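S.K.: Here you go, one structure.
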Amino acid sequence: MSLRGLRLLLLGCVLLIGFSLVGVFGGVLVEIALVITLGALLASLYLLQRITERVQAHQDRLQTLQMEQEALTLELNRRHRRHITLLEGLPIPLMIGERDATLRFVNHTALEWFGYRPMTGKSLLALTFSYDLYVLYLRAVRRRAHTVSEVTLSFPQERHVVATVWFIGELDHTELFAIALLDKSELVRLEQVRRDFVANVSHEFRTPLASIRALAETILHDDQMPAETRNRFLNLIIQETERLTRIAEDLLILSRAEALPPTKEPLDLNTVVRNTLSQVQAEAEKAKITIESHLQEPLIVPANRDQMVQVVLNLLTNAIRYNKPEGKIWVRTFTRDHEAVLEVQDTGIGIPSEDLPRIFERFYRVDKTRSRETGGTGLGLAIVKHIVESHGGRVEVESEYRVGSTFRVVLPLGAPLSAE
Ligand code: ADP
């Protein structure tokens, strides 16, 4: 169309020149020539105007397209940054690599796991030091398929992970694969704890049950057994049954404490201590042990009454049972750094330093025979620790072998009770 316009313009000009010449030579025709020339001129001007408009429209369209392209590029960049932020922020290690396991992208968690080193352009093997992971990656590349496997990492610490590798597409004619790791270490540890616990519980039940059975069978098969022996055996059966009951009760206390967070009330710790002291007084007197108490009043903690009684009772009975004859026990309560402290110190047999870190484990006993003789279940301190921690507190212990031990329960302080 623009070409046609130009042609018309040219024609207009030729006519103008032609008629001008005619005008020069033919006097009558001058006016007609002028009219035609003017017409051609106007037509040319009109066409020029149209062409200019069209060029302007094309320019506007081009500008709009450019603006749209810029907006699209901006949006693409924004999306790309969003994806990178998403991958960076993932709480699991994620890496993207080429066919030969050369890394193109390593997210923040992966760097946190394997140490902050510049990893882009390096091999997956150089980052993770795991040959198993490297082999898994190459296998996924070969098959070009989603591949999942459990792998144990040893650098920089041992971790049991589920590793997944998958093909994510091509970039600049290079195939890219992603590898993500899911840490299962805590699950593996918990599973081990559960297995140990079940094994320990069965063992704890099996021993007294075996004794009960052996004693009962002996009584059953020996008609001539003297009454005195039979009574001794029957008493042993009763003792073993009581032991089983104690274990079952302690297990129940522990599982109840684990099942729900404690329902707390403002509790005077000193009242709990005084009540529990009167409960254990007879046992202490029997073992010729004196108990001294130094209680700082008032000491209010937000706590569950029954559970706190259990804590104080377990610590006091241990201090009596693992004490020396005519030993001493000091019970103290006080505040320290805005926390309530309950301290039970004894002049007992003490705990060897190598056993100290394990005494809060379920069924762990330093001296099995003594624990058994004194009616221990091996669960007392595990219960103490669990209850105290579920109250937001902690348990501390100091002990010197053959000299004595100090157990300390530290709890968050509550508001003082208003006077009634
Ligand atoms: P147990 O029922 O055997 O007393 P605990 O969980 O209460 O179990 O205690 C675990 C072990 O810690 C005990 O078997 C004992 O060896 C040691 N222990 C606990 N308290 C004391 C203490 N006050 N003095 C010395 N040893 C203690």
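S.K.: Can you give the angle from 0 to 90° between the axis of helix 131-143 and the longest principal axis of the chain, with both taken from C-alpha atoms, to the nearest 10?
M.R.: Roughly 40 degrees between the two axes.
S.K.: If you don't mind, there's one more thing I want to ask. By how many nm would the segment from residue 201 to residue 42 grow when fully extended, if each residue of separation counts as 0.36 nm and the alpha-carbon distance is taken off?
M.R.: Details: separation 159, 0.36 × 159 = 57.24 nm, distance 11.01 nm.
Taking residue 201 through residue 42 to full extension adds about 46.2 nm, to one decimal.
S.K.: Now for a different question. Treat each spin label as a single point 7 Å out from the Cα along the C-beta direction, and report the residue 71 to residue 100 distance in nm.
M.R.: A separation of 4.5 nm, rounded to one decimal place.
S.K.: Counting other beta carbons within 10 Å of each residue's own, what order do 308, 225, 67 fall into, fewest first? Intermediate results must be reported in sequence, preceding the final value.
M.R.: On the way: 308 25, 225 15, 67 10.
The most exposed by this proxy come first: 67, 225, 308.
S.K.: Over the chain, what lengths in whole Å, largest first, do the semi-axes of the equivalent ellipsoid take, defined as the square roots of 5 times the eigenvalues of the alpha-carbon gyration tensor? Can you show the working numbers first?
M.R.: Working: eigenvalues 1778, 186, 69 Å².
Value: 94, 31, 19 Å, ordered largest first.
S.K.: Within 10 Å of each residue's Cβ, count the other Cβ atoms and sort 65, 267, 313, 124 from fewest upward. It would help to have the intermediate numbers written out before the result.
M.R.: Values: 65 10, 267 22, 313 19, 124 25.
Fewest-to-most ranking of 65, 267, 313, 124: 65, 313, 267, 124.
S.K.: Using Cβ contacts closer than 10 Å as the measure, can you line up 346, 183 from fewest to most?
M.R.: By the 10 Å Cβ count, ascending: 183, 346.
S.K.: Using only alpha carbon positions, build the gyration tensor of segment 189-260, then give the equivalent ellipsoid semi-axes as the square roots of 5 times its eigenvalues, largest first, whole angstrom. Display every interim value, and only then the final one.
M.R.: Details: eigenvalues 235, 38, 7 Å².
Each semi-axis is the square root of five times an eigenvalue, giving 34, 14, 6 Å.
S.K.: By a straight-distance test (C-alpha under 13 Å), which aspartates and glutamates pair with residue 122 as possible cross-link partners, with residues fewer than eight away in the same chain excluded?
M.R.: 98, 100
S.K.: Between helix 227-259 and the chain, what is the angle of the helix's C-alpha long axis to the longest principal axis, kept within 0 to 90° and rounded to the nearest 10?
M.R.: Once rounded, one gets 20 degrees.
S.K.: By how many nm would the segment from residue 224 to residue 281 grow when fully extended, if each residue of separation counts as 0.36 nm and the alpha-carbon distance is taken off? All intermediate terms of the calculation are to be shown ahead of the outcome.
M.R.: Working: separation 57, 0.36 × 57 = 20.52 nm, distance 4.32 nm.
My answer for the length gained is 16.2 nm.
S.K.: So if R0 is 60 Å, what FRET efficiency would residue 129 and residue 296 give, r being the distance between their Cβ atoms, rounded to the nearest 0.05? Please report the intermediate quantities before stating the final value.
M.R.: Working: r = 55 Å, r/R0 = 0.92.
Once the sixth-power term is evaluated, E becomes 0.65.
S.K.: So what's the back-of-envelope 222 nm ellipticity for the chain, counting only DSSP H runs of four-plus at -39500 (n - 2.57) apiece and dividing by all residues, rounded to 500? Let's see the in-between values first.
M.R.: Details: 11 runs with 232 residues, N = 420.
Per the formula, -19000 deg cm²/dmol.
S.K.: What pairs from 328/385; 324/368; 264/286 go past 27 Å between their alpha carbons?
M.R.: Values: 328/385 24 Å; 324/368 17 Å; 264/286 35 Å.
Table pairs above 27 Å Cα-Cα are 264/286.
S.K.: Which of the aspartates and glutamates could a cross-linker bridge to residue 184, judged by Cα under 14 Å and excluding same-chain residues fewer than eight apart?
M.R.: Excluding near neighbours in sequence, the set is 150, 158.
S.K.: Here is a follow-up. Any idea what angle helix 2-25 forms with the longest principal axis of the chain, computed on alpha-carbon atoms, 0 to 90 degrees, nearest 10?
M.R.: For helix 2-25, the angle is close to 20 degrees.
S.K.: Using alpha carbon centroids, what distance separates segment 209-269 and segment 291-313, in Å?
M.R.: Each part's Cα centre sits 28 Å from the other's.
S.K.: When the chain is fully extended, how far beyond the present Cα-Cα distance does residue 168 get from residue 184, taking 0.36 nm per residue of separation?
M.R.: Values: separation 16, 0.36 × 16 = 5.76 nm, distance 2.46 nm.
So the extension gain works out to 3.3 nm.
S.K.: Lys and Arg at +1, Asp and Glu at -1: add these up for the other residues within a Cβ distance under 11 Å of residue 233 and post the number.
M.R.: Details: positive: 230, 232; negative: 217, 222, 228, 240.
Overall, the nearby charge balance is -2.
S.K.: Output wanted: per-residue J couplings in Hz (rounded whole) for segment 275-286, from phi through Karplus 6.51 cos²θ - 1.76 cosθ + 1.60, θ = phi - 60°, x for Gly and Pro.
M.R.: Result, rounded to whole Hz: 5, 5, 4, 5, 5, 9, 4, 4, 5, 5, 5, 4.
Every number here is computed from the coordinates shown, using simple stated rules; none is lab data. These numbers come from a predicted model, not from an experiment. Positions of Cβ are generated from backbone atoms using ideal geometry, with glycine treated the same way; all protein chains shown enter the neighbour counts.
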